[in-house]
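Below: one structure, written as structure tokens.
What follows is calculated from the coordinates using simple rules that are stated; it is not laboratory data. Being a predicted model, the structure only gives us computed values, none of them experimental. Cβ atoms come from the backbone with ideal geometry, glycine included; neighbour counts cover every protein chain shown.
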Amino acid sequence: MNDIFATLESEVRSYSRTWPTVFDRAGGSYLYDEDGTGYLDFFAGAGALNYGHNNPLLKRKLIEYIERDGVTHGLDQSTVAKRAFLETFRDNVLEPRGLNYKVQFPGPTGTNSVESALKLVRKITGRESIISFTNAFHGMTLGSLSVTGNSMKRGGAGIPLVHATPMPYDDYFDGQVPDFLYFEKMLEDSGSGLNEPAAVIVETLQGEGGINSSRPAWLRGLYELCQKHGMLMIVDDVQMGCGRTGPFFSFEEAGIQPDIVCLSKSIGGYGLPLALTLIKPEHDVWEPGEHNGTFRGNNPAFVTATEALKQYWADDSLEKSTIAKGERVGEVLEELAAKYGAVAKGRGLARGLGFEDTDVAGKVSKAAFDRKLLVETSGPSSEVIKIMPPLTVSDDELEQGLQIIRDSVHSVLA
Ligand code: PMP
């Protein structure tokens, strides 16, 4: 079967992650292949499935909506489903956190949100250049690629746009250089070519870049630097938002309010495409039609997104359980790190184990697949095993997955 897929002409070769089986059904923390074999999924759609596969609570609402012939394709028309989403987002997410944002639907996916943010900051400030960070990942369209750090991700096709400059991410120099020393020097040096940047775009925890977690103090420092130099701050929370690190927004711990926030992946709740760009009200300078696109009104996704916010974000229980489960994963990763000279990384349920030998993580991922666990790799040389179960993973499933990770690392390194 897999050979057939490998030779199907429709299967282009631009995607790197192919598990050697053919999946058919999915439920909760499991994917099942066509033979009915279950795989624990600690990849969770690269952060798109925080509430698990085919979450029954969300599925019920989706079926009801489809059965009553609710609007499917709404473009940017006002619909009941969109209104319910906006109200629930305000009531369950923004207001309890004291945040005030206008919501833009920039297109179906994360990269659409990043593109709209990059365009908007230029329009607001009248400045052109954008600061990104080493090892960042922001998506595959040309603007997003220009602020993506890993040149491998750009391939031969993604020539960076001019006016996009990478700066060192937190701990890039292993604590040997004071935070922002280089960045600030470049900003103050009129000959550096940085000019006056319009904005910085930052992930609080780099998922694709190798599970690199920035410290709240570093983020606060960045926020202050932005204010000092008239730069706007875009937080790309496409992968780490919707509770992946614990709180709904991954920047909450730092106590900052970014000017613009990009959200996608798990905001749709059910694995359906939906993206938001959150904009501080004073920055909404869009003219009608300036950033549009056909699939901005995914109403079935509004339905599942609304239900996810009602079920999981009416209180802080998901945040607490994610932090507790994440600490358990962290314990096991620390144990493995000490035993095998690896590095335990991440926070919440965005965790990783990094190896100096860049072949190891790929081998561990394969060994885990053989033991019926899906874990992917990340980092510039794919040197980190990335552990991102659904946030709804049960304690038993978590322990099973962790045991497989232990056994897999052991089988590769012992
Ligand atoms: N930003 C971040 C931080 C991401 O992790 C991703 C996807 N991995 C994107 C943007 C792009 O999102 P999409 O693939 O939905 O376009």
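Taking a ≥ b ≥ c as the square roots of the eigenvalues of the Cα gyration tensor of segment 201-323, is the shape rounded (a/c under 1.5), prolate (a/b larger than b/c) or oblate? Verdict is oblate for segment 201-323. With all projection directions averaged, the alpha carbon convex hull of the chain covers 20.6 nm².
Every helix of 4 or more DSSP H residues in the chain counts as -39500 (n - 2.57), and over all residues that averages to -10500 deg cm²/dmol at 222 nm. What longest region of the chain stays clear of GluC sites (Glu not before Pro) that DSSP places outside H, G, I, E and B and that have at most 15 other Cβ atoms within 10 Å? Looking at the chain, 129-289 is the longest stretch - no exposed GluC sites (Glu not before Pro) with at most 15 other Cβ atoms within 10 Å. Placing +1 on each Lys and Arg Cβ and -1 on each Asp and Glu Cβ, with no other charges, gives segment 61-312 a dipole about its Cα centre of roughly 420 debye. Given R0 = 41 Å, the distance between the Cβ atoms of GLU282 and GLU331 translates into a calculated FRET efficiency of 0.40. Taking a Cβ cut-off of under 14 Å around PRO108, the surrounding Lys, Arg, Asp and Glu residues balance to a net charge of 0, with basic ones at +1 and acidic ones at -1. Ranking GLY139, PHE23, GLY268 by how far each Cα lies toward the positive end of the dipole of the chain (charges on Cβ) leaves GLY268 at the top.
Each DSSP beta bridge with both residues in segment 134-267 is either parallel or antiparallel, and the antiparallel ones are about 20%. Whole-Hz Karplus values for segment 258-265 come out as x, 5, 9, 10, 9, 10, 6, 6 Hz, taken residue by residue from phi with 6.51 cos²θ - 1.76 cosθ + 1.60 and θ = phi - 60°; glycine and proline positions read x. Ordering GLY346, PRO380, PRO300 by the projection of their Cα atoms onto the charge dipole of segment 279-403, which places +1 on the Cβ of Lys and Arg and -1 on the Cβ of Asp and Glu, puts PRO380 at the extreme positive end.
A simple spin-label model places pseudo-atoms 7 Å from Cα toward Cβ; at ASP395 and ASP174 they are separated by 3.9 nm.
DSSP beta bridges fully contained in the chain are about 65 percent antiparallel.
Couplings 3J(HN,Hα) of segment 109-126, computed from phi: 10, x, 5, 5, 5, 4, 4, 5, 5, 5, 5, 5, 5, 5, 5, 4, 8, x Hz, in residue order, whole Hz [Karplus 6.51 cos²θ - 1.76 cosθ + 1.60, θ = phi - 60°; x for Gly and Pro]. Using a Förster distance of 35 angstrom, determine the FRET efficiency expected from the C-beta separation of LEU413 and THR134, and round it to 0.05. Efficiency at R0 = 35 Å is approximately 0.80. Residues of segment 195-215 with an amide N closer than 12 Å to a point placed 7 Å from the Cα of GLU224 along the Cα-to-Cβ direction: none. Model label points for ALA314 and VAL22, set 7 angstrom from Cα along the Cα-to-Cβ axis, are 4.3 nm apart.
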